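Take a look at the structure below.
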Amino acid sequence: MNLKEIRAMIDLMNENGLSEIEIEREGTKIKIKKTSSNSQEAVHFSPTDYRVSSQPMPMASQPPAEAAADKKNGNTRDILSPMVGTFYRAPSPESPPFAEVGQVVEVGQVVCIVEAMKLMNEIKSEIKGRVVEAPVENAQPVEFGQALFVVEPI
C-alpha cells in the first residue's frame, strides 16, 4: 500500500465517524486507530489486598444490634452494619436523615441505608433508644460489623 491509499483510508474514517479501521490486502495488514486529544485513558487498578481478621462473635442470645457495648459506659448499644457497602443517612440527597443524634428510634425504624452491589438495603433499629452518636459520615464506605449508630436504650 502506498501513502495515497493510507490517506484515503483516513478520509474514509473521518467521513464515517470511525475511530478504528483495519484492512488486509496482498499479505499486508494495516490498522489505523484515531485518538483524540481529550480522550480518557483506561485506568488499571492493582488487585485488592484482602486481609482477614478474626473477631469474637456475639452471644447467640444477644441480637446483632446490641452486640457491641459502648466502652465509655455499658449502657449503650451499637447498631451495626450487616454488610460491606456505602452508608447513606437519607433516602436521597434532598431528604432529611432517617436518624440524627438526640433522636429517639423505635424497634423496626429505618435508621439508614447501606448500598451494596447497587442494591439499597434499609437498616432498621433492633432496639428502642436515643441516638447518642453517629460515627459514620454520609456516603462513606462501611465494613461488616462496623458501628453505624450508638444508641442508649430507653
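All of the numbers you see were taken from the coordinates with simple rules; none came from a lab. All values derive from a computational prediction rather than experimental measurement.
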Given the C-alpha atoms of the range 64-153, compute the convex hull and give its volume per residue in Å³. 82 Å³
List the residues whose amide H sits under 5 Å from the amide H of PHE149, counting only those 5 or more places along or on another chain, with H placed 1.01 Å from N in the peptide plane. ILE79
Could you pull out every residue, at least 5 positions away or on a different chain, whose amide H is within less than 5 Å of the one on ASN121? Hs are placed 1.01 Å off N in the peptide plane, and Pro or chain starts have none. VAL114, GLU115, ALA116
